[in-house]
Amino acid sequence: MKKLNLIIIVVVLAASSVQAQISHELWLGEQTPAAVNVVSVKSSPTLEIAKKELQDRFVGTPGSTIRILVDKKGNNDLKTDGYKLDNNTIKAKSDIGALYGAYALLRRQQTGEPVSGVVSNPSYERRILDHWDNLDGSVERGYAGNSIFWHGKDSLAVLPSDRKLWHEYARANCSIGINGSVINNVNASPLVLTDAYLQRVKAIADILRPYGIKIYLSVNFASPVALKELSTADPLDGKVISWWSQKVKEIYSIIPDFGGFLVKASSEGQPGPQNYGRSHAEGANMLADALKPYDGIVMWRAFVYTANDEDRAKQAYAEFTPLDGKFRDNVIIQVKNGPIDFQPREPFSPLFGAMKKTSVMVEFQITQEYLGHSTHLVFLSPMWEECLKSDTYQNGKGSTVAKCTDGSIYDQAHTAIAGVSNIGLDSNWCGHPFAQANWYAFGRLAWNNELASEQIADEWLKLSFHKDAAKMKNNLDYAANWSRHFLQPVKQMMLDSREAAVNYMMPLGLHHIMSANGHYGPGPWWAPKGVRSDWTPPYYHQADKNGIGFDRTIQGSGAVRQYHEPVLSKFNNLATCPDKYLLWFHHLPWNYKMKDGHTLWDALCYHYDKGVKQVRSFQKIWDRVAPFIDSSRFLEVQMKLRYQCANAILWKDACLLYFQQFSRMAIPYDIERPVHMLKDIRADEFKVRIK
Ligand code: BDP
């Protein structure tokens, strides 16, 4: 039979105009009835989705035609997943590329961007959501309800409502280019590898497949022991090696396109190769060998630190760089954006660019564990953009984190990026209407790691708060002023929101000073006896009567040495260290003179105060846009902004009153005085969860 490399689908548009509707659910909008004819030369489940999306949502003139051309051998400027848009023609090398092209065409139509002359390739081969979902249905650090995948061991049967949800999930992910889902927590239950659970994994994989999304599983390194099948999990033991290769064989017999494993090993109490005196490379390679025959990969996390005297910020680098070049080519080391743990602001992890013979991927956190859960409005794209654009200088100027991980500098066998998902069963998926923007932003940056947050916010607002057709018709004023009175101010609010959170939580390089109670409110004092010190805020802020900050300079812990010059000197030297990282790298006296002439104490006070003022200004921005949006989203965001503001004031009061005990300096008189008593906040610590 003649091999068909060229597939042509002709979509004839019979309707004059299909008006996209406002979305209450997702950025994709609600579907309108199909009003087009479709002529298709060849069909596949993926191309059928592309056709349906175009039929339902493309806005055309009578008789317009959209062609989809899939040519595996042509289109040499395209990667497998890439697409081109030209005069109502979508060109791709694969069916999934065509589907991405269809979504891009629809998005561009709705946002008013050019729909012709577009060539687009993804920055990373694998663009993955990590779900920290437990098999009992709970979600670790999840603030949007229970898991969409798991409901406990007695509810493994797949219901129609499950299927519907997984379809919607797949569609949303595919529309922004996400092509992988790790569907269980990194603190992994070994049960996920048993047949009953694998059957449910298969059901999920079957639904996600036409949308180009592969399933991955987090695995517990000691699974053979935990499942009582072996007495050891030593990666060099022959029985262990064959246990894993049998298990992998079984998984692929059930899910032939399974993606691979994500592993948190020898980290925060999880078992790992070090329990058997083996290295991370020996552990990762054993799993990689089992997966290799099926093209599966291992994402091995570098989030490791032990309670010893060594600065926690140094430990991952110290442990992993000596192993550079020792990993199999189907292992990717997954590195959190910063050296500690998803704090509101961290400098980039020094591991980026430092491992030159190993594939390395970034792990971002989309769920707002340290950024106000689903109560605070914080658009995270600027934080991720800051990381991706940070220059490591590891291979000369321009060696940004983005370039060190996307294959443009190092010859990586695989490239990937992961985001810890913020999705749950909540009706708006993410708990806060604006938290959806973070899911969207992660997908867009995974597709194009050079995108600006401004553009991402602009797109998301246009897609999610689309000018309501009915309101437009009835209110010309609304239509004329939408951009000036809604889009611009709300976009600015989003773009300022991350810096605001840094200001009212942890400014000037402070980090890890949150309450231990759920990581939501302030807790700079928290240090009960018996708790390991590197889990307590005083370990990180080091405040005493002489000053504040963690000395990581060459004279201090030396963590700064892990950066390549000139970054090393820039951070080490007070004259050049950016203010935003000041107390990350330096311990300074309270009366230290800042570049703008303020004392350090005053600067700290002004940052906290500014953060509060920023949230108050967000409230005003939001109240003014009421006429432009539906009342349910308006009221929900309005209420959440009130809680956020109250919580910002609490952060400010708690941190300033606590640190003032050491600084013994007055809060500058031109800022608002505290309204809480420190002793009340401390006494209430486990109740203070304004929400
Ligand atoms: C920390 C979370 C913890 C996770 C851990 C991880 O508090 O729940 O298990 O990260 O990434 O931020 O493994």
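The values are calculated or read from the model by the stated rules, or taken from the named source; none is laboratory data. It should be emphasised that the depicted structure is a prediction, and the values quoted were computed from it without experimental measurement. Cβ: placed from backbone, ideal geometry, glycine included. Neighbour counts: every protein chain shown. The area values use the complete protein model at the heavy-atom level, side chains included, leaving out ligands, DNA and RNA. Shrake-Rupley method; radii C 1.70, N 1.55, O 1.52, S 1.80 Å.
Some observations on this one:
- Note on the range 444-455: among residues that are within 17 Å of Asn337 (Cβ to Cβ) and in contact with a Lys or Arg (Cβ under 7 Å, 6 or more places away or on another chain), the one that is surrounded by the fewest Cβ atoms within 10 Å (Cβ to Cβ) is Leu451.
- Qualifying positions in the range 284-303 - open to solvent by 10 Å² or more (accessible area, probe 1.4 Å) and either over 29 Å from Trp243 (Cβ atoms) or within 16 Å of the ligand (Cβ to nearest atom) (or both): Phe303
- Residue check for Arg664: closer than 28 Å to Gln542 by Cβ and over 28 Å from the mean Cα position of the chain (by Cα): yes
- In this structure, Gly372 does not satisfy being over 17 Å from the mean Cα position of the chain (by Cα), more than 15 Å from Ala402 (Cα to Cα), buried (at least 20 other Cβ atoms within 10 Å of the Cβ) and at pLDDT 95 or above.
- Restricting Arg552, Arg561 to residues that are basic (Lys, Arg) and open to solvent by 10 Å² or more (accessible area, probe 1.4 Å) narrows the list to Arg561.
- Hits in the range 310-330 - residues which are within 16 Å of the ligand (Cβ to nearest atom) and open to solvent by 40 Å² or more (accessible area, probe 1.4 Å): Glu319
- If the condition is being open to solvent by 50 Å² or more (accessible area, probe 1.4 Å), part of a helix (DSSP H, G or I) and not small (Gly, Ala, Ser), then the range 226-248 contributes Lys239, Ile241, Gln246.
- Leu351 being under 28 Å from Ser464 (Cα atoms) and in contact (Cβ under 8 Å) with a residue 24 or more places away in the chain: no
- Cβ-Cβ under 7 Å pairs, at least 6 apart or on other chains, the range 201-216 side closer than 23 Å to Glu53 by Cβ and touching a residue at least 24 places away in the same chain (Cβ under 8 Å), far side small (Gly, Ala, Ser) and assigned to a helix (DSSP H, G or I): Ile207/Ala170; Leu208/Ala170; Tyr211/Ala170; Ile213/Ala170; Ile215/Ala205
- Considering Ala307, Ala281, the condition of being in contact (Cβ under 8 Å) with a residue 24 or more places away in the chain and within 16 Å of the ligand (Cβ to nearest atom) is satisfied by Ala307 alone.
- Scanning the range 527-535 turns up no residue that is at pLDDT 95 or above and touching a His at 6+ places or on another chain (Cβ under 9 Å).
- Residue in the range 492-511 that is part of a helix (DSSP H, G or I), open to solvent by 10 Å² or more (accessible area, probe 1.4 Å) and not charged (D, E, K, R) present: yes
- Annotation note: of Thr65, Thr80, the sole residue that is modelled with pLDDT under 95 and open to solvent by 20 Å² or more (accessible area, probe 1.4 Å) is Thr65.
- Exclusive hit being open to solvent by 20 Å² or more (accessible area, probe 1.4 Å) and touching a residue at least 24 places away in the same chain (Cβ under 8 Å), set Lys397, Lys389, Lys336, Lys356: Lys356
- When the residues of the range 249-276 are filtered to those that are within 12 Å of the ligand (Cβ to nearest atom) and surrounded by fewer than 18 Cβ atoms within 10 Å (Cβ to Cβ), the one that is nearest to Asp130 (Cα to Cα) is Glu268.
- Pairs where the first residue, in the range 518-529, is buried (at least 18 other Cβ atoms within 10 Å of the Cβ) and the second is assigned to a loop (DSSP other than H, G, I, E, B) and among the aliphatic types (A, V, I, L, M), C-beta under 7 Å, 6+ apart: Gly521/Val688; Pro522/Ile513; Gly523/Ile513; Gly523/Ala516; Pro524/Ile513; Trp526/Ala516
- Criterion violated by Tyr592 - all others in (1) at pLDDT 95 or above; (2) open to solvent by 30 Å² or more (accessible area, probe 1.4 Å); (3) under 31 Å from the mean Cα position of the chain (by Cα) satisfied: (3)
- Residue in the range 133-156 that is under 26 Å from the mean Cα position of the chain (by Cα), polar (S, T, N, Q) and open to solvent by less than 20 Å² (accessible area, probe 1.4 Å) present: yes
- Filtered by the rule that a residue be closer than 28 Å to Lys570 by Cα, more than 14 Å from the ligand (Cβ to nearest atom) and assigned to a loop (DSSP other than H, G, I, E, B), the range 348-378 gives Phe348, Pro350, Leu351, Phe352, Gly353, Ala354, Met355, Lys356, Lys357, Thr358.
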